[in-house]
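Below is one structure; the comments refer to it alone.
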Amino acid sequence: MTNSTYILTLTNNPEGVFSLIDKTEGNQIIPIFEDQDDAERYAIQLLELNNGPDLSIVEIDRELIIAACEDRSHKYAIISQDDFIIPPTDTE
């Protein structure tokens, strides 16, 4: 797939795209990873730190997921290989 990015979905519900809550604005933000290893590492950290949901990594075209987010007025963040993202430690 050209221009591939990766998102996290609920393992038993691939339509359920994982998102984070921005506590200052209250918005849900979908992390879109440029690197598959980063997406996998983040999913593992979420599970270990928060006993979070079982997540799957889904490869998707960058323009397709951005267009879907914008069509639905969802916020998103592109996580590049140079970015360092740590899962929140609380489950509120």
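The values are calculated or read from the model by the stated rules, or taken from the named source; none is laboratory data. The model shown is predicted, which means the values in this text are computed figures rather than measured ones. Please note: Cβ atoms are built from the backbone with ideal geometry, for glycine as well, and neighbour counts cover all protein chains shown. Ligands, DNA and RNA are excluded from the accessible area calculation, which covers all protein heavy atoms including side chains. Shrake-Rupley method; radii C 1.70, N 1.55, O 1.52, S 1.80 Å.
Observations on the model:
- The chain, accessible surface, carbon-and-sulfur percent (1.4 angstrom probe): 47 percent
- Per residue value of the accessible surface for the chain (all protein chains in place, 1.4 Å probe), Å²: 66 Å²
- The range 1-61: GluC sites (Glu not before Pro) in DSSP loop, at most 15 other beta carbons within 10 Å: 25
- Fraction of the pair-distance distribution of the chain above 17 Å, Cα-Cα pairs, percent: 47 percent
- Loop-located trypsin sites (Lys or Arg not before Pro) in the range 2-82 whose Cβ has at most 10 other Cβ within 10 Å (DSSP): 23, 72
- Amide H contacts of residue 18: 8, 9, 10, each under 5 Å away and 5 or more positions distant or on a separate chain (H built 1.01 Å from N in the peptide plane; Pro and chain starts excluded).
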